[in-house]
Amino acid sequence: MKIPNTMERDCLLEEIRVEVLDTQRFTGVQELEQRVMDALRQTPRDEFVPHELRYGAYANRPLPIGHGQTISQPYVVALMTGLIQPQPEDVVLEIGTGSGYQAAILSPLVKQVYSMEIIEELAGQASERLQRLGYHNVDVRTGNGRLGWPEHAPYDAILVTAAATRVPPALIEQLKPGGTLVIPVGLQHVAQDLLVIRKRSDGSLEEKHVLPVVFVPLTGSPCD
């Protein structure tokens, strides 16, 4: 697997560490697990952005990937990954594959990643890219993420990379007791709330508002 330029990689990781410290009063996270930081270090972000934007691949900011979609800011990817507390035997559902970058970060941290993307062209490109780069425990399908991927449920964690106006009930249903759902919730074009929802063993939910964020909207009908 290609390792990114050392100087760019180290600068990005340091920026992420600083931003984690700066936002800890909101997130409660003082530092990210070393496994998460190692996954960020080893993932070639330049492979997941359009060729003409590769010069900025290791800047700590989102970038457009076409179809009105973006690759998320690395700090946000790192934080969301840390919030699900990924374990080696976990099976994780990601909603909003995009370019495949978040799935690539998750890949070395868990047993299996199932990733859904509603835009067929992006799903195909991401699937090919992830396989070419050696992320063989990631399966990508085109579909309506609001409905989840019930065939492989329940999931140890679900990570949503697009903003919903409310938490889709299907994702709660497909979350394993003891599992964690991380999702941005709010209106389009304004700051949304990044939520961490934990399902207790009795099926009840514990919800925490973590951080203001801005994501592209989660599309697809709740009834498709």
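Nothing in this text is a laboratory measurement; each read-out follows from the coordinates by a stated rule. Since the structure is predicted, the reported quantities are computational estimates derived from the model, not experimental observations. Reconstructed Cβ throughout: ideal geometry from the backbone, glycine too, with neighbour counts over all protein chains shown.
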The extension gain from Ala191 to Glu121, computed as 0.36 nm times the residue separation minus the Cα-Cα distance, is 22.4 nm
Taking 64-72, 40-48 and ranking on average Cβ neighbours within 10 Å, highest first, one gets 40-48, 64-72
Total charge of the residues flanking Glu206 in space, meaning their Cβ is under 14 Å from its Cβ, with Lys and Arg +1 and Asp and Glu -1, is +2
Computed for the chain: size of charge dipole around the Cα centre, +1 on C-beta of each Lys and Arg, -1 on C-beta of each Asp and Glu, debye to nearest 20, value 120
Excluding near-sequence neighbours (fewer than 8 apart on one chain), the chain holds lysine pairs with C-alpha atoms under 23 Å apart numbering 6
Which residues qualify? For Thr43, with a placed amide H closer than 5 Å and at least 5 residues away or on another chain, they are none
Connecting every pair of Cα atoms under 10 Å apart in the chain and solving the GNM, the largest mean-square fluctuation among Val213, Val185, Val110 falls on Val213
HN-Hα couplings for the range 48-54 via Karplus (6.51, -1.76, 1.60; θ = phi - 60°), in whole Hz with x for Gly/Pro, come out as 10, 10, x, 3, 6, 10, 5
The relative contact order of the range 148-224, taking Cα pairs under 8 Å that sit 6 or more residues apart, comes to a percentage of 28
Here, trypsin sites (Lys or Arg not before Pro) of the range 155-223 satisfying both criteria (DSSP loop; at most 15 other Cβ within 10 Å) are Arg166, Arg200
Within the under-13-Å Cβ sphere about Asp90, not counting Asp90, Lys/Arg +1 and Asp/Glu -1 give a net charge of 0
Using alpha carbon centers only, the range 85-156 is separated from the range 165-220 by a whole-angstrom value of 17
Here the convex hull volume per residue of the chain, taken over Cα atoms and given in Å³, is 113
The simple spin-label model distance between Glu151 and Gln131, using points 7 Å out along Cα→Cβ, in nm, is 1.5
If one builds a Gaussian network model of the chain from Cα atoms under 10 Å apart, the most fluctuating residue listed among Thr180, Thr23, Thr161 is Thr23
Which of Leu93, Leu83, Leu187 fluctuates most in a GNM of the chain (C-alpha springs under 10 Å)? That residue is Leu187
For Glu94, other-chain or 5+-apart residues with amide H closer than 5 Å (H placed, Pro excluded) are Tyr114, Ser115, Met116, Leu159
With 0.36 nm assigned to each residue of separation and the Cα-Cα distance removed, Ile172 to Leu21 gains 51.3 nm
Rounded to one decimal in nm, the spacing of the 7 Å Cα→Cβ label points at Gln85 and Leu53 is 3.4
